[in-house]
Amino acid sequence: MHTPNLPPAAALRRLLGFGIVVFGLFAALQMGWQHLQSEYPAPVFNALLAGLMTAAATALGALPVAFPQRVSERVQDSLFGFGAGVMLAVCAFSLIVPGIDAAKAQGIGTWNSSFVVGGGILLGAAALLAVERFLPHEHFIKGREWQSNTTLRRAWLFVFAILLHNLPEGLAIGVAYAGIGEARAGALATGIAIQDIPEGLVVAAALVAAGYRRRTSVLIGMASGLIEPVGAVLGAIVIRYSMPLLPWGLAFAAGAMLFVISHEIIPESHRKGHEAFATGGLILGFVLMMILDASFR
């Protein structure tokens, strides 16, 4: 919608007011940052930084959708597959294997360690299944999952779907920083950030394809990663103050991510007939994350 030109004095006042708001937000963020540094131990703070990094990667990926060039469906499905491959490797090498090692280090024994981690995986998957059943949301391609006469707008249904995707990633980052060391946790966070760039692009592009304005789609895509630093801090705090829960926490995050991969990402990437490209992206993402994890051991 076109807005008439403002008089110079009014434009100056608006600009001044905007500057004051920006300065106030910056000052508040700086104070909050200093408070976090002083109040929380290093693993929690590092988890927050890593979560913010992945959120920034998601925002970066969403930005190109602001321009009129359209992302093809084949590219979208390839990117979905790439993200699934990275998440699969994260589950295997950065969560499940360290979870078994952590359980053994607690003296549980080889067989019992496997049962503990297996139980944690089942709990994580069951938790995401329960959320998926009771939280109305909409798949990017398949459509609405909720059959009642809900009054929620479709944009919010997409937001809820995005939260289902990103929360397990944040939890995994926090648990890793609190329990398996900064080097391997950094590799995990880097891998998640890499796959969050195409994820942000696909989320925003899917919203545009569903009929939303480009600016709205980009903003929702950028905001979709903000749940990750929240999940990272939550996971780090829980494990930091209860180390016996480390194997369970790693396994829970892995189970939640496995559920998202199988129930959401892979079906979405295969639904439009680009299975070969999606599978190729998955393998490429898996290999890339495997190399990252091996390099930081």
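Just checking, which of Val75, Val71, Val21, Val86 is at pLDDT below 80, of a type in the set (A, V, I, L, M, F, W, C), surrounded by 13 or more Cβ atoms within 10 Å (Cβ to Cβ) and within 29 Å of Thr216 (Cβ to Cβ)?
Numbers: Val75 fails: at pLDDT below 80; Val21 fails: surrounded by 13 or more Cβ atoms within 10 Å (Cβ to Cβ); Val86 fails: at pLDDT below 80.
The unique qualifying residue is Val71.
Restricting attention to segment 101-130, report how many residues are surrounded by fewer than 20 Cβ atoms within 10 Å (Cβ to Cβ) and either more than 24 Å from the chain's Cα centre (by Cα) or free of Cβ contacts under 8 Å to residues at least 12 places away in the same chain (or both). Lay out the reasoning, then the answer.
Within segment 101-130, the first condition is being surrounded by fewer than 20 Cβ atoms within 10 Å (Cβ to Cβ), and the residues that meet it are 101, 104-112, 114-115, 118-119, 122-123, 126-127, 129-130.
From what is left, the residues that are either more than 24 Å from the chain's Cα centre (by Cα) or free of Cβ contacts under 8 Å to residues at least 12 places away in the same chain (or both) are 101, 104-112, 114-115, 130.
The total comes to 13.
Inside segment 169-200, can you point out the residues that are outside any helix (DSSP H, G or I) and either without any contact (Cβ under 8 Å) to a residue 40 or more places away in the chain or buried (at least 23 other Cβ atoms within 10 Å of the Cβ) (or both)? Talk me through it step by step, then tell me what you get.
Looking only at segment 169-200, we keep the residues that are outside any helix (DSSP H, G or I), and these are 180-181.
Selection gives Gly181 alone.
Here is a list of conditions, (1) farther than 17 Å from Ser224 by Cα; (2) polar (S, T, N, Q); (3) in contact with a Gly (Cβ under 7 Å, 6 or more places away or on another chain), and Ser72 meets all of them except one; can you say which number that is?
(3)
Provide a single number: the residues in segment 40-56 that are in contact with a helix residue (DSSP H, G or I) (Cβ under 7 Å, 6 or more places away or on another chain), surrounded by fewer than 23 Cβ atoms within 10 Å (Cβ to Cβ) and within 26 Å of Ala205 (Cβ to Cβ).
Residues meeting the conditions: 2.
The values are calculated or read from the model by the stated rules, or taken from the named source; none is laboratory data. Because the structure is a prediction, the values reported are computed rather than measured. Note that we place each Cβ from the backbone using ideal geometry, even for glycine, and neighbour counts take in every protein chain shown.
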